[in-house]
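Each value in this text was obtained by applying a stated rule to the coordinates, not by laboratory testing. Computed from a prediction, not measured in an experiment: that's the story for all the values here. Glycine gets a Cβ as well: all are built from the backbone with ideal geometry, and neighbour counts include every protein chain shown.
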Amino acid sequence: MKRFVITVMAVALAVTALPASAEAADPVSALKAQLSKNRGVTVVERGTKPAEKVVGIRTKVLVELDRSGRPVASDRTIMTLGPADIAQHARDIVVAGRMYYRGRIFNEGSPVLPEGKQWVLRAGKARPAVGFLQVVNVLEPATLGTLLKSTTRVRRSKGETLYSGAVSLGEIYKVSSSLRADYPEGFDYKMVVLNWRLSTDSKGLVRRLVTSEKNIDSTDLIFDTRFSGWRPEVTIQAPPADEVAKQSEVGHA
């Protein structure tokens, strides 16, 4: 009799677990499926210091991707707070490894362009942007998978699944090609621990990533990144050549 009761309980537990597991689509598989048919996505990022109740950075990027999630072109607008909390704006376009930019951020002097020019072509190679200061690129399947391995809590609510956890930036560095390209070796990335929250839709596709870390002055920095507007094709073009000045032709006020 005891064996029969144990068997019935085990079957009942297995049956009740089925709907929950069916609801949680695999985010990595969902991302790979999305990348197989879509090449463009809009990424919106906000950077805040909660203690100061200030949104210091707002970024919106249209990104063109390849099948691996690697960005191949981008069109980004940026707002940052300059002196006396005055907003500064900039835009950059990266196509074929070249960056074209206009405006200013982070208190840089305003570019003084030759007459008739509206853009500056930066010298050297440039990588397309996925965001601005968010270091975890969850558009890379390998990076998303590594992040999810550090999950400590999962809950589901109204058509979305919410994951949360903490991860060493060193673990992300091992698998993220974009992070390795942007940041040099030599720093002990294992020392940086990110707390994170990730939400996916009913199909498992990532909609939002929030990461936080302690800055060197012990203040919290929070980066809130949202993904929307997937599209099968996207065309990002360089500005008209007659509107572009070389960096060597530009002064600063």
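Using the alpha carbons alone, the radius of gyration of the stretch 118-157 stands to its Kirkwood radius in an Rg to Rh ratio of 1.22.
Run a plain Debye calculation on the stretch 94-253 (Cα atoms as equal point scatterers, no solvent) and give log10 I(q)/I(0) at q = 0.13, 0.19 Å⁻¹, rounded to two decimals, same order as the q list. For the stretch 94-253, the Cα-only Debye profile gives -0.80, -1.21.
Could you work out the local net charge near V63, counting Lys and Arg as +1, Asp and Glu as -1, over the other residues with Cβ closer than 15 Å to its Cβ? The answer is +1. So what's the net charge close to A238: Lys and Arg +1, Asp and Glu -1, counting the other residues with Cβ under 15 Å from its Cβ? Cβ neighbours under 15 Å give a net charge of +3. Working from label points 7 Å from Cα in the Cα-to-Cβ sense, the A33 to L133 distance is 3.6 nm. If you take all other residues with their beta carbon under 14 Å from the beta carbon of K190, and give Lys and Arg +1 and Asp and Glu -1, the sum is -3.
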